[in-house]
1. Between residue 2 and residue 333, what FRET efficiency comes out of the Förster formula 1/(1 + (r/R0)^6) with R0 = 51 Å and r the beta carbon distance, rounded to 0.05?
2. At 7 Å along the Cα-to-beta-carbon direction for both residue 258 and residue 134, put a label point, then send me their distance in nm to one decimal.
3. Shape call for region 1-55 from the C-alpha gyration tensor, a ≥ b ≥ c root eigenvalues: rounded (a/c under 1.5), prolate (a/b greater than b/c) or oblate?
4. Given the pairs 28/321; 17/262; 64/111; 28/230; 73/111; 64/305, which are separated by over 21 angstrom at their Cα positions?
5. For the chain, set up a Gaussian network in which alpha carbons nearer than 10 Å are linked by springs, and say which option among 76, 352, 364 fluctuates the most.
6. Compute the FRET efficiency between residue 108 and residue 348 as 1/(1 + (r/R0)^6), taking r as their Cβ-Cβ distance and R0 = 41 Å, and round to the nearest 0.05.
7. For residue 84, list long-range residues whose amide hydrogen, built 1.01 Å from N in the peptide plane, is under 5 Å from its own amide hydrogen.
8. Calculate what fraction, in whole %, of the accessible area of region 125-278 sits on carbon and sulfur atoms when a 1.4 Å probe is rolled over the protein chains.
Amino acid sequence: MAELEARLVESGFLPLKEERIWELESGKSYYLTREGACAAFSIPQNPIQKALILAAHTDSPALKLKVHPEVHKGGMTLFAVEPYGAPLLNAWLNRDLAIAGKIVGPDLVSKLVFLDDSPCTIPQLAIHLDRKVNEEGLVLNRQEHLLPIMGAGTFSLEEFLGEEILSHDLFVVPIEESRLLGRKGEWIGSYRIDNLVGTHAALMALLESRVSEETLQLALFLDHEEVGSKSATGAASSFVTDLFERILSCLEIEKEELYALKSRSKIVSIDMAHAFHPSYANRYDPNSPPILGGGIVIKYNADQKYATTAEGAAWVIQACKALQLPYQSFVARSDVGCGSTIGPILSERLGMTTVDLGIAQLSMHSAREVIAGQDHLALCRLLTHLIEE
């Protein structure tokens, strides 16, 4: 969030505070933060005729430290964690990990920390003591088997941090650097691709687009999608609807005009899609397996786990064709199912035509995820075009 805010400021976006009265001007750009959520928008030069909303989530599956994490065993200190979201738990084993996140001290000021100079690890049990693991699969108990070993001896979290704290939101995170993969460097391997790809693409589209003459250009970066979005900073909160109505109120747009404007507006929800895994071909619908390097993925679901409508999909497909960008579809197997995202929630809250799209990704919810670099470039280009329409 600090990096996102810094880029907005560098591009001339002006900060807003929720607790203050807003005075917004045509042709200017603003941003608002609330904990792990941010909204940034540009007001058109002329009276608003429609809105285009780009929306992505900022959080990723992880292991979060418990309130009192210290565990002392075998002459070592371990920290107790609980899964945040639905991480692939085995991906966190046998890696160099760091403690990162937010702490609050006696001054009641939040402070970000990233302790990669004191790495820890979650070692897997030796195969000699778990001889059937390769035949029967790894079984991890979330309470007993996921504790990172922090070091030799007995010490507290405060001693590990080197300062007094009153509370914290700390996570165990991989410290392996992002890098290009594949024969020609065509892929990108990194942690938190889901969904920093969507966050980055939406941000770049907003920053690189020109201010519209009649469209309210709005980018939403929302928290807690991985745990259901039901928080003060999630898509299910009042943050989005309050923001939208507050912008229009400042511009003296009456409620009747608001309803008409919403009918002309669209939401693009950006999140990742399950890429085709060649070793598990039977887990995908044979007519719509998203391929790495296959371009933009438009996501469909009959049960509205994705909010894409026929009209919304046609709008995106037309744009892809005009820009000569590759695109593909994702529909889950009828007997496997899929995840969901913020698109249906925003569609319900705002009542606008919504499209759920993204790009293909392997190892979703792992500590090391993979995408095709060209897919991300295509996504950035598409979103920039859509927000400038």
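1. 0.80
2. Here the modelled spin labels are 6.4 nm apart.
3. prolate
4. Violating the 21 Å limit, Cα to Cα: 28/321; 17/262; 28/230; 73/111; 64/305.
5. Of 76, 352, 364, the most mobile in the Gaussian network model is 76.
6. Efficiency at R0 = 41 Å is approximately 0.70.
7. 62, 63, 64
8. Accessible surface attributable to carbon and sulfur in region 125-278 totals 49 percent.
The values are calculated or read from the model by the stated rules, or taken from the named source; none is laboratory data. These numbers were taken from a predicted model, which means no experiment stands behind them. Ideal geometry is used to build each Cβ from the backbone, glycine not excepted, and the neighbour counts take in all protein chains shown. Heavy atoms of the whole protein, side chains included, go into the accessibility calculation; ligands, DNA and RNA do not. Shrake-Rupley method; radii C 1.70, N 1.55, O 1.52, S 1.80 Å.
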